[in-house]
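Encoded as structure tokens, the structure appears first; notes follow it.
The values are calculated or read from the model by the stated rules, or taken from the named source; none is laboratory data. For clarity, every value in this text was computed on a predicted model and none was experimentally measured. Here the Cβ positions follow ideal geometry from the backbone for every residue, glycine too, while neighbour counts run over all protein chains shown.
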């Protein structure tokens, strides 16, 4: 079993047993319905100039190589605002590269989220710092916990599709249980955006 999967399962178990530190680590700093609704101007005011975007179910539907025109326009607009952007995916190169090509963005595939070294590598590619970076994705167990444990801002968005592949399916099942736990502690609830 890969280290990233072991880390995710360990986090899940600790959250379910009520470990405060792990509960904080899976609670996103911000939560939006989609990448189109994120308040990028507020991020700029917070001195965030680097954005790490997950691909599957964040930018495109799982394993879908079609990139909506709306997404192309958003990324072009963010580049004009001088954001440094990296597509940051646990999926393989052959799936992720066509998306990166269509968006004309750098890519770190087979990243290994939530491992800290994945985030260190991502920031090294863009020559950025933790303080100036936000990670954006749809998964608590990889995107959010990895970012927060590394010390960068974690933004959760709703899944684009209910469809999952082998990589995302288990994490989404575990996420449903964790969300119930977070909701019980009044820390997070689906649809309560902030």
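Taking helices (runs of 4 or more DSSP H) as the structural unit, those lying wholly within region 89-162 and holding at least 2 residues that are modelled with pLDDT of 95 or more, over 15 Å from the mean Cα position of the chain (by Cα) and buried (at least 20 other Cβ atoms within 10 Å of the Cβ) correspond to 93-103.
In the set (1) more than 16 Å from residue 153 (Cα to Cα); (2) surrounded by 13 or more Cβ atoms within 10 Å (Cβ to Cβ); (3) in contact (Cβ under 8 Å) with a residue 40 or more places away in the chain; (4) out of contact with any strand residue (DSSP E or B) (no Cβ under 6 Å at 6 or more places or on another chain), residue 81 fails one condition alone, (2). Here region 1-34 is the region considered, the condition is being touching a helix residue (DSSP H, G or I) at 6+ places or on another chain (Cβ under 8 Å) and under 13 Å from residue 194 (Cα atoms), and the residue that is surrounded by the most Cβ atoms within 10 Å (Cβ to Cβ) is 28. Among the residues of region 55-77, write down those that are in a loop (DSSP other than H, G, I, E, B), under 19 Å from residue 111 (Cα atoms) and at pLDDT below 95. Of everything in region 55-77, those that are in a loop (DSSP other than H, G, I, E, B), under 19 Å from residue 111 (Cα atoms) and at pLDDT below 95 turn out to be 57, 61, 62, 63, 64, 65. Of all the numbered requirements in (1) surrounded by 20 or more Cβ atoms within 10 Å (Cβ to Cβ); (2) within 19 Å of residue 38 (Cβ to Cβ), residue 178 misses one, and that requirement is (2).
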